[in-house]
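Read the structure below first, then the notes.
The values are calculated or read from the model by the stated rules, or taken from the named source; none is laboratory data. All values derive from a computational prediction rather than experimental measurement. Cβ coordinates were reconstructed from backbone atoms using ideal geometry, including for glycine residues, and neighbour counts include every protein chain displayed.
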Amino acid sequence: MRRFLCLLGLLVAAAGPLLAFAANGFADEAKHHLVIQVDTNDRHTMDFALTNATDVIRYYQGVNQAAVVEIMACGPGLHMLREDTSPVKERIKNLSKIPPPSKIQFSACNNTKESMEKKEGRPLELLPGTTVVPLGMVRLMELQEQGWSYVRP
């Protein structure tokens, strides 16, 4: 019995890293990672970024590979992810229908968000599913350091 418990303990210890890997979500299943920076309040640029993201996902789905694309909005580009000013919010809402493990995710620079809130004197509401990151430039750096490809349309 003691031997069985020791072996069970070793098995659980060895499985820990595998369980942690599985708990990290779909991004770990993807071989391809792309971050797209949007830093201008220009509908054409926003549409171009969304089209690029969609095209990348579709391409890799066509060859049975997963991809994750993150669109990171900062500076005037934060309007892309604002509930009240986004000219592309309907397109963004439709992108949530992409089947896993591929996905398009959105992040917003908190530094920009706080600056806009201070200037406008009210809290900003971002589109559902948007992740707020402390500083957009740091997010871009960290993703590139992890091997993500970077595009700025």
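So here's what we get for this one:
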read-out	value
Criterion (in the same structural domain as residue 115 (by TED's automatic domain parsing), in contact with a helix residue (DSSP H, G or I) (Cβ under 7 Å, 6 or more places away or on another chain), buried (at least 18 other Cβ atoms within 10 Å of the Cβ) and closer than 16 Å to residue 105 by Cα) met by exactly one of 57, 71	71
Verdict on residue 28 being of a type in the set (D, E, K, R), under 25 Å from residue 147 (Cα atoms), at pLDDT below 95 and in a helix (DSSP H, G or I)	yes
So residue 108, is it over 17 Å from residue 33 (Cα atoms), small (Gly, Ala, Ser) and either surrounded by 14 or more Cβ atoms within 10 Å (Cβ to Cβ) or within 14 Å of the chain's Cα centre (by Cα) (or both)	yes
